[in-house]
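All remarks here apply to the structure that follows.
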Ligand code: 5GP
């Protein structure tokens, strides 16, 4: 599978500083910021700084340092405010209803969530 990255996507613009964001954590390889349209009390997006379209692109093609940096950011985000649990979501392409074509992990929690999918 090939992954074509569109550098005009909104998260690429956030990474370039062209659009403001509410940053909660940043390291060399990842940025975490609050979702503009939160679906729960806590709703944070963690994105790699590299140009990866989706979680499968990132898993297949990101370096070990990029993957470690990304998951270090996930760990830091999840260490504050979601002690009772959370959901980590990576919507992917059409069937997964991914709107922004730059890999992002939603960390959603801070309150009781409903079931992931309708029963
Ligand atoms: P997706 O549907 O691609 O998994 O999720 C994209 C997410 O990005 C949505 O939850 C949406 O609210 C969020 N989002 C879209 N544009 C912006 C923006 O400009 N700033 C921030 N902080 N979040 C955004």
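The values are calculated or read from the model by the stated rules, or taken from the named source; none is laboratory data. What you see is a predicted model, and the numbers here were worked out from it, not measured in a lab. All Cβ positions, glycine included, derive from the backbone under ideal geometry; neighbour counts span all protein chains shown.
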Response to the item:
All conditions in (1) at pLDDT 95 or above; (2) more than 20 Å from residue 97 (Cβ to Cβ); (3) assigned to a loop (DSSP other than H, G, I, E, B) are true of residue 5 except (2)
Worksheet item: When both residues are 6+ apart or on different chains and their Cβ atoms are under 6 Å apart, which pairs have a first residue that lies in segment 19-35 and is farther than 14 Å from residue 79 by Cβ and at pLDDT below 95, and a second that is near the ligand (Cβ under 6 Å from one of its atoms) and part of a loop (DSSP other than H, G, I, E, B)?
Response: none
Worksheet item: Inside segment 24-37, can you point out the residues that are under 13 Å from the mean Cα position of the chain (by Cα) and more than 7 Å from the ligand (Cβ to nearest atom)?
Response: 24, 25, 26, 29, 30, 31, 32
Worksheet item: Between a first residue in segment 99-112 that is closer than 18 Å to residue 59 by Cα and a second residue that is modelled with pLDDT of 95 or more and in a loop (DSSP other than H, G, I, E, B), which pairs have beta carbons less than 6 Å apart while being 6 or more apart in sequence or on different chains?
Response: 100/9; 101/6; 101/9; 101/53; 102/9; 103/52; 103/54; 105/90
Discussion item. Kindly evaluate residue 43 against the criterion of being part of a loop (DSSP other than H, G, I, E, B), touching a strand residue (DSSP E or B) at 6+ places or on another chain (Cβ under 7 Å) and closer than 25 Å to residue 8 by Cα.
Written reply: no
